[in-house]
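Note sheet for the following structure.
The values are calculated or read from the model by the stated rules, or taken from the named source; none is laboratory data. On a predicted model such as this, the values are computed, not experimentally measured, just so you know. So basically every Cβ, Gly included, is an ideal-geometry build from the backbone, and we count neighbours across all protein chains shown.
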Amino acid sequence: MSETQAVTQNPMVGQFKTARRVSTPLISIRTADQPATIELLSKALTNGNTPAMIEWDIVRGPRDLNAPGKQALSLLLGENNFGIPDIITILDNAVKLPAKSVLFLHNAHKQLDNIAFIQAVSNLRDSFRSNFRQLVLLAPDMTLPPELRNDVLMLDEVLPNEEQLRALILQNYKDAELTEPDQTTLTSAIAAVSGLAHFPADQAVAMSLTPNGLDIPSLWLRKDQAINETPGLEVCNPNITFENIGGVEQAKNYFRQLFNGKNEPRVVVWIDEIEKAFAGLGANGGPGDSSGTTQDQLGQLLQDMNDCTKRGVLFYGPPGSAKSVTAQAIGSAGPTKVKVIRLDLGGMKGSLVGESEAKLRAALKVVNTVSDRRVLYVATCNTMAVLPPELRRRFKMGTFFFDLPTPEERAAIWSIYLAKFELDLLPATAMEAAQDSGWTGAEIETCCQLASELNISVTEAARYIVPVSRSSADLIDGLRQQATGKFLSATHPGVYVYQREQDQAVKATANKRAFNLND
């Protein structure tokens, strides 16, 4: 694809030119790379009748972008100006610009708390529309105030597509005077920088070039760093796999089939303890958060998950039942590992109206570009009482109930952690020594860690464990009763069925253990 084709086929460019044809005077563009967006639009507007184009930023003031813009620049500066005029003066003088002019404002979102700026922008609407002039507000993200919401057209700059990234990578090879990479290397490099804006992608490629070509692992590392710098996003440890998890075989088999089937996900988005993020909602999902931030995030997440290419799975169960570690390991389920990205909704909340929504929108934009919109959402929760019904419906691929591990599962868990902490015991011996009936996998790990770090026996380490099956017996009983017959079992094929008799046996063993420890 040529550079001209890349410009003309950009969706945002097409929307911008359509808006120009119908004389839309005020436009806002959300973009991660404002200079690149201006350059892109400048190329799109360069033709036989190129308009005057001028840009403004708070440090350099107004600057021309082309010859017609240079002629028009004096109209913005005014005759008696001996310094950089403020933005209000610039906007007041903008009514003098010639027909079809375009004025770009960098970081316009920083001006939106100034009522004078809002009024100055609003004043340009009718005069600009009369002769096809345009004011373009640029920002990484922007929430328009009510005064401008109905007057400004909002556009989103898309991140570089595969062809643009291919051209970027090849240009870096050319600049470094290296032989072009083979197709396998090129494909891997494109995957490693997809989801980055043009400038950081270019920097990542340039810094990962060696005399022998691209260092692909280094490129992935830089991509992970860029994702981690996005507020609310964190790339999970890729070394956590299903081999690190004992039990929950039904859930693991499900994801192995999903990632070996048609249209396998390209990214897993993990939301841990999702009920905490929406605890601010009122009854039945109604208003309950006076700041509106929780409602903002809910609306944005619902909108994104409504995409037909998005899928969602919910993990439900008591704390320590392997929900979170299973979610982190899902990326290893297929023949090719995919990234698991944690989405921290709580960490995105801001005090200003629209701030939380803006942060979430920016994060989802990165996720969607990295994954080509083929996302698997996995949320864990310890209670579903506060989850709005419309959110639960988005997790339509299934809800798995993670119960306390069975004896067989505990044996597998003991085997993993005895090896991890280099304890020379057989799983059966450790189970008997710890009297582990009703233990979670997290409690087994803690017991092994204590035995190793304190240099004590498993029996002694078990004295420091108070299993959740004892400390929160009523809570677990309630979770099981709510889940029985309604949700999938993470352990056995089919629907989860609560075996009360087994629960009574667990309680009896726990009571016996407590008696023995107190003796």
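Every residue, every condition in (1) within 22 Å of Ile330 (Cα to Cα); (2) surrounded by 19 or more Cβ atoms within 10 Å (Cβ to Cβ); (3) in the same structural domain as Gln303 (by TED's automatic domain parsing); (4) at pLDDT 95 or above, yes or no:
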{"position": "Glu390", "(1), (2), (3), (4)": "no, no, yes, no"}
{"position": "Lys396", "(1), (2), (3), (4)": "yes, no, yes, no"}
{"position": "Phe421", "(1), (2), (3), (4)": "no, no, no, yes"}
{"position": "Glu460", "(1), (2), (3), (4)": "no, no, no, yes"}
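Quick check on my filter: what residues within the stretch 1-29 are at pLDDT 90 or above and of a type in the set (D, E, K, R)?
In the first step, residues of the stretch 1-29 are kept if they are at pLDDT 90 or above; the result is 15-29.
Across the stretch 1-29, the qualifying residues are Lys17, Arg20, Arg21.
With respect to Ser469, determine if the residue is modelled with pLDDT under 95, small (Gly, Ala, Ser) and outside the structural domain of Leu302 (by TED's automatic domain parsing). Lay out the reasoning, then the answer.
Working: modelled with pLDDT under 95: yes; small (Gly, Ala, Ser): yes; outside the structural domain of Leu302 (by TED's automatic domain parsing): yes.
So Ser469 fits the description; yes.
Where residues in the stretch 312-329 are farther than 17 Å from Glu234 by Cβ and of a type in the set (S, T, N, Q), which of them is surrounded by the most Cβ atoms within 10 Å (Cβ to Cβ)? Even if it seems obvious, please write down each step before you answer.
Initially, the stretch 312-329 is screened for residues farther than 17 Å from Glu234 by Cβ, giving 312-323, 326.
If we keep only those that are of a type in the set (S, T, N, Q) too, we end up with 321, 326.
Values: Ser321: 28, Thr326: 26.
Only one residue tops the list, namely Ser321.
Tell me which of these Leu454 doesn't satisfy, since it passes every other one: (1) modelled with pLDDT of 95 or more; (2) within 30 Å of Met384 (Cβ to Cβ).
Going through (1) modelled with pLDDT of 95 or more; (2) within 30 Å of Met384 (Cβ to Cβ) one by one, Leu454 breaks only (2).
Among the residues of the stretch 155-169, is there at least one that is buried (at least 17 other Cβ atoms within 10 Å of the Cβ) and either at positive phi or of a type in the set (S, T, N, Q) (or both)?
Yes, the conditions are met somewhere in the stretch 155-169.
Anything in the stretch 451-465 that is closer than 16 Å to Pro427 by Cα and either hydrophobic (A, V, I, L, M, F, W, C) or within 40 Å of the chain's Cα centre (by Cα) (or both)? List them, or say none.
Residues satisfying the conditions are Ala451, Ser452, Val458, Ala461, Ala462.
Among the residues of the stretch 80-114 satisfying the criterion of being assigned to a helix (DSSP H, G or I) and within 33 Å of the chain's Cα centre (by Cα), which is nearest to Leu135 (Cα to Cα)?
Ala108
If we only count helices (runs of 4 or more DSSP H) wholly inside the stretch 298-398, which ones have 1 or more residues that are of a type in the set (S, T, N, Q)?
323-329, 355-371
Name every residue in the stretch 409-435 that is of a type in the set (Asp, Glu), in a helix (DSSP H, G or I) and in contact (Cβ under 8 Å) with a residue 12 or more places away in the chain, in order of residue number. Talk me through it step by step, then tell me what you get.
Filtering the stretch 409-435 for residues of a type in the set (Asp, Glu) gives 409, 422, 424, 432.
Checking the rest, the ones that are also in a helix (DSSP H, G or I) come to 409, 432.
Within the stretch 409-435, Glu409 is the sole residue that qualifies.
So which of Ala94, Ala72, Ala52, Ala99 ends up being out of contact with any helix residue (DSSP H, G or I) (no Cβ under 7 Å at 6 or more places or on another chain), within 25 Å of Val13 (Cβ to Cβ) and surrounded by 14 or more Cβ atoms within 10 Å (Cβ to Cβ)?
Ala72
Listed here are the residues, each with its yes/no results for (1) in a helix (DSSP H, G or I); (2) under 30 Å from Ser194 (Cβ atoms); (3) touching a helix residue (DSSP H, G or I) at 6+ places or on another chain (Cβ under 6 Å); (4) in the same structural domain as Ser23 (by TED's automatic domain parsing).
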{"residue": "Gln119", "(1), (2), (3), (4)": "yes, no, no, yes"}
{"residue": "Arg125", "(1), (2), (3), (4)": "yes, no, no, yes"}
{"residue": "Phe128", "(1), (2), (3), (4)": "yes, no, no, yes"}
{"residue": "Asn131", "(1), (2), (3), (4)": "no, no, no, yes"}
{"residue": "Leu144", "(1), (2), (3), (4)": "no, yes, no, yes"}
{"residue": "Glu147", "(1), (2), (3), (4)": "yes, no, yes, yes"}
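For Asp202, are the conditions met, namely being of a type in the set (D, E, K, R), assigned to a helix (DSSP H, G or I) and closer than 26 Å to Ala327 by Cβ?
Taking the combined requirement at face value, the residue does not satisfy it.
Since Ile240 meets every condition but one in (1) modelled with pLDDT of 90 or more; (2) part of a helix (DSSP H, G or I), which condition does it not meet?
With respect to (1) modelled with pLDDT of 90 or more; (2) part of a helix (DSSP H, G or I), Ile240 is out only on (2).
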